[in-house]
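The values are calculated or read from the model by the stated rules, or taken from the named source; none is laboratory data. The shown structure was predicted, so the numbers you read here are calculated from the model rather than taken from an experiment. Heads up, the Cβs are rebuilt from the backbone with ideal geometry, glycines too, and the neighbour counts pull from every protein chain shown. When the accessible area is computed, the model is the full protein with side chains, heavy atoms only, and any ligands, DNA or RNA have been set aside. Shrake-Rupley method; radii C 1.70, N 1.55, O 1.52, S 1.80 Å.
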Amino acid sequence: MEIPKLYLSLFILIIFVTTDLSHAKIVVAIINDFGSTVQFHCKSKDIDLGNQRLQPGGSWSFHFQRNFFGRSLFFCSFDLPNGKRWFDIYKEPRDNLIGLWFQKYLWRIKPRGPCKHSNDDGWSGILLDNCFSWNKN
């Protein structure tokens, strides 16, 4: 049985695209807009990024490759004056709706909650100052 060249070409293209998508580089940056020093701990199911401490206005970032199945998840636990709070700092499909191969995400940590920020320097966000509520531990 002979496989038509069109189907074989389509199959090879699908393999190439899905393999390439699984190696997409994601960069997540966190900026402290809280007004005081913030301590936090970020991790995924498999990767522990350790404890971090940010002075007001300070920033910290990490990068990773997307999960092949589009289910990447990183969450951070923040020690705040009003108690411990956590937030999914990167969660698919919420954060990767377009499925681009390279994405940057900028989060500003504010008293009302983490805000996804969008501006002209390549950092992405769906809306300017798109803020979320804190989750309680």
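Considering only residues that are farther than 12 Å from residue 28 by Cβ, at pLDDT 90 or above and not small (Gly, Ala, Ser), which ones fall in segment 53-65? Show your work before the answer.
Step one: of segment 53-65, the residues farther than 12 Å from residue 28 by Cβ are 53-58, 65.
In the following step, the residues that additionally are at pLDDT 90 or above were identified as 53-58.
Matches in segment 53-65: 53, 54, 55, 56.
Filter segment 38-52 down to residues that are open to solvent by less than 100 Å² (accessible area, probe 1.4 Å) and out of contact with any Leu (no Cβ under 7 Å at 6 or more places or on another chain) and give me whichever is modelled with the lowest pLDDT. Steps first, answer last, please.
As a first pass, look at segment 38-52 and keep what is open to solvent by less than 100 Å² (accessible area, probe 1.4 Å): 38-44, 47-50, 52.
Narrowing the set further to residues that are out of contact with any Leu (no Cβ under 7 Å at 6 or more places or on another chain) leaves 39-41, 47-50, 52.
Working: 39: 95, 40: 96, 41: 97, 47: 91, 48: 96, 49: 95, 50: 95, 52: 96.
Among those that are open to solvent by less than 100 Å² (accessible area, probe 1.4 Å) and out of contact with any Leu (no Cβ under 7 Å at 6 or more places or on another chain), it is 47.
Failed condition for residue 92, given (1) open to solvent by less than 50 Å² (accessible area, probe 1.4 Å); (2) more than 20 Å from residue 54 (Cα to Cα); (3) modelled with pLDDT of 85 or more, with all others met?
Against the list (1) open to solvent by less than 50 Å² (accessible area, probe 1.4 Å); (2) more than 20 Å from residue 54 (Cα to Cα); (3) modelled with pLDDT of 85 or more, residue 92 comes up short only on (3).
Scan segment 66-89 for residues that are open to solvent by less than 30 Å² (accessible area, probe 1.4 Å), part of a loop (DSSP other than H, G, I, E, B) and either at pLDDT 80 or above or over 21 Å from residue 46 (Cβ atoms) (or both) and jot them down.
Initially, segment 66-89 is screened for residues open to solvent by less than 30 Å² (accessible area, probe 1.4 Å), giving 70, 72, 74, 76-78, 80, 83, 87-89.
With part of a loop (DSSP other than H, G, I, E, B) added as a condition, the list becomes 70, 72.
If the condition is that a residue be open to solvent by less than 30 Å² (accessible area, probe 1.4 Å), part of a loop (DSSP other than H, G, I, E, B) and either at pLDDT 80 or above or over 21 Å from residue 46 (Cβ atoms) (or both), then 72 is the only one that fits.
Go through segment 31-61 and give me each residue that's of a type in the set (Val, Ile, Thr), in a strand (DSSP E or B) and more than 14 Å from the chain's Cα centre (by Cα).
38
Could you tell me whether segment 15-34 includes any residue that is touching a Pro at 6+ places or on another chain (Cβ under 7 Å) and either open to solvent by less than 50 Å² (accessible area, probe 1.4 Å) or modelled with pLDDT of 85 or more (or both)?
So in segment 15-34, the residues touching a Pro at 6+ places or on another chain (Cβ under 7 Å) come out as 32, 34.
Checking which are either open to solvent by less than 50 Å² (accessible area, probe 1.4 Å) or modelled with pLDDT of 85 or more (or both) leaves us with 32, 34.
Yes; the residues of segment 15-34 include at least one that is touching a Pro at 6+ places or on another chain (Cβ under 7 Å) and either open to solvent by less than 50 Å² (accessible area, probe 1.4 Å) or modelled with pLDDT of 85 or more (or both).
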